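S.K.: Got a structure for you, written out below as structure tokens; questions coming shortly.
Computed from the coordinates by the stated procedures, all read-outs in this text should not be read as laboratory data. Remember, it's a predicted structure, so these values are computed and weren't measured experimentally. In this analysis, Cβ positions are derived from the backbone assuming ideal geometry, glycine residues included, and neighbour counts consider all displayed protein chains.
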């Protein structure tokens, strides 16, 4: 049985991590977001804002990590593997910020395909900024549009997750993926 890789994506502060945590609570296999860890590791080395000071290095580290996560998902003995963000997220953020990147970023998006992608829209009522989330709500809206465009560019049909409680949003996702 080949596991199905399910991405949960969206701009900052849309509730992705809360849904991933709910899925973990329900005993589903999940692979958590790695960008915060990359940011914290850089800070430990004296680089306060790696994404802002060395965006290509940050993105290369993210790509390596997300490719590892993608490959790891194939080794898990579960029907469904949920991932907090996918490889195309990296390109969406780089396009949003106007950064250039080598062709191997595009190649990774083309060659490492997910089975289903759910997207969460910006939601003002739950949006919170913190030390690792630099964007304001208007920027979150712009990032959302860039994510939609990037995933569509690589041929994904995105499933919008409606605003609701974490439990109901998670139920919505599970009702769709049960038949994959």
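S.K.: Obtain the nm distance between the two label points defined at residue 60 and residue 36 by a simple spin-label model: each point lies 7 Å from its Cα along the Cα-to-C-beta direction.
M.R.: If labels sit at residue 60 and residue 36, their model points lie 2.7 nm apart.
S.K.: Give me the distance between the Cα centres of region 144-180 and region 49-119, rounded to whole Å.
M.R.: 17 Å
S.K.: Of 87, 126, 143, which is the most mobile in a GNM of the chain whose springs link Cα atoms less than 10 angstrom apart?
M.R.: Comparing 87, 126, 143 in the GNM, the peak value goes to 126.
S.K.: I would also like to ask the following. Using a 10 angstrom cutoff on alpha carbons, build the Gaussian network for the chain and name the most mobile of 98, 65, 86.
M.R.: 98
S.K.: Could you please rank 144, 25, placing first whichever residue has the fewest other Cβ atoms within 10 Å of its Cβ?
M.R.: Listing 144, 25 from fewest to most nearby Cβ atoms yields 25, 144.
S.K.: For a quick check, take a GNM of the chain with Cα springs below 10 Å and name the residue from 169, 66, 85 with the largest mean-square fluctuation.
M.R.: 169
S.K.: A further question follows. Sum -39500 (n - 2.57) across every DSSP H segment of at least 4 residues in the chain, then divide by the residue count to get the 222 nm mean residue ellipticity, nearest 500.
M.R.: -16000 deg cm²/dmol
S.K.: Would you calculate the separation in nanometres between label points at residue 171 and residue 137, each defined as 7 Å from the Cα along the Cα-to-beta-carbon direction?
M.R.: The answer from the label model is 2.7 nm.
S.K.: Assuming 0.36 nm per residue, please report the length gained on full extension of the stretch residue 101 to residue 67 beyond their Cα-Cα distance.
M.R.: In short, 10.6 nm is gained.
S.K.: For region 87-176, calculate the relative contact order in percent as a whole number, restricting contacts to Cα pairs under 8 Å that are 6 or more residues apart.
M.R.: This gives 38 percent for region 87-176.
S.K.: Pull out a ≥ b ≥ c, the square roots of the eigenvalues of the alpha-carbon gyration tensor of region 41-111, then state rounded if a/c is under 1.5, prolate if not and a/b is larger than b/c, and oblate in the remaining case.
M.R.: Oblate, because a/c is 1.5 or more while a/b does not exceed b/c.
S.K.: Here's another thing I want to ask about it. Normalised by the number of residues in region 4-174, what is the relative contact order in percent for Cα pairs under 8 Å and 6+ residues apart?
M.R.: 37 percent.
S.K.: Place a label point 7 angstrom from the Cα of residue 126 along the Cα-to-Cβ direction, then list the residues of region 27-62 whose backbone nitrogen is under 16 Å away.
M.R.: Residues 33 fall inside that zone.
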